[in-house]
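The values are calculated or read from the model by the stated rules, or taken from the named source; none is laboratory data. Because the structure is predicted, anything quoted here is derived from the model rather than measured. With ideal geometry, Cβ positions are generated from the backbone for all residues, glycine too; neighbour counts draw on all protein chains shown.
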Amino acid sequence: MKKIVGAILFLMIAILASGCDPNPSGSGQNEFSPPEWIWGTWVNGDTIVTFTSDNIIYATPTMIQNFSEDFGNPAVSRITETISTTFYQVTVADTESPSFGTYRFVYDTEDTINFTLTIPEVTLGPWELVRH
């Protein structure tokens with residue numbers, strides 16, 4: 001009986017694990033894929049946000065957050081991206097909580113985007129970021 005229960009548990013875990021995609025953005029990996037329209041460096045006072053084809057770097061006078069290095073490990077975090085021609089949203093969650101932070105960037109003009117940060121139950125912004 002123990003062998004049957006063990007086999008059933010093993011199969012259930014295998015089925016659940018195979019159906020999990022750590023990156024719902026579609027690349028099948030825990031990577032960032034900012035849209036091309038947002039690539040470059042954006043500034044608001046002392047806040048600097050740099051987007052590349054596979055990373056986001058968020059810098060303030062007191063910290064630098066390199067998203068690929070800090071959140072790129074699927075054992076530690078999950079990444080969900082929503083991308084359109086005028087909107088880019090990244091939600092990062094650690095494996096223990098539903099949401100660590102949601103970063104929203106909305107296209108305003110070729111040289112400005114609006115940035116909003118939501119950390120559990122608190123929304124900050126929007127701030128206007130200007131292309132540098």
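Here are some notes:
- Boolean, Ile79 is more than 26 Å from Glu121 (Cβ to Cβ), surrounded by 16 or more Cβ atoms within 10 Å (Cβ to Cβ) and out of contact with any Lys or Arg (no Cβ under 9 Å at 6 or more places or on another chain): no
- Annotation note: of Phe71, Phe100, Phe105, the sole residue that is touching a residue at least 40 places away in the same chain (Cβ under 8 Å), over 14 Å from Pro34 (Cα atoms) and aromatic (Phe, Trp, Tyr) is Phe71.
- Every residue from the stretch 36-55 that is in a strand (DSSP E or B) and either in contact with an Asp or Glu (Cβ under 6 Å, 6 or more places away or on another chain) or farther than 23 Å from Asn73 by Cα (or both): Gly40, Thr41, Trp42, Val43, Asn44, Thr47, Ile48
- Residues of the stretch 99-132 satisfying the condition of being out of contact with any Lys or Arg (no Cβ under 8 Å at 6 or more places or on another chain), over 20 Å from Gln65 (Cα atoms) and not in a strand (DSSP E or B): Glu121
- Filter result (within 10 Å of the chain's Cα centre (by Cα) and aromatic (Phe, Trp, Tyr)) within the stretch 89-132: Phe100, Tyr103
- Checking Leu124, Leu117, Leu129 one by one, the residue that is without any contact (Cβ under 8 Å) to a residue 24 or more places away in the chain and surrounded by 14 or more Cβ atoms within 10 Å (Cβ to Cβ) is Leu117 and no other.
- In the stretch 32-68, the qualifying residues are those that are among the small types (Gly, Ala, Ser) and free of Cβ contacts under 8 Å to residues at least 24 places away in the same chain, and the one that is surrounded by the fewest Cβ atoms within 10 Å (Cβ to Cβ) is Gly45.
- From the options Gln89, Gln29, residue that is under 23 Å from Phe105 (Cβ atoms), at pLDDT below 70, surrounded by fewer than 17 Cβ atoms within 10 Å (Cβ to Cβ) and not charged (D, E, K, R): Gln29
- Here Phe105, Phe100 are screened, and the one residue that is among the aromatic types (Phe, Trp, Tyr), touching a Pro at 6+ places or on another chain (Cβ under 9 Å) and under 17 Å from Asn44 (Cβ atoms) is Phe105.
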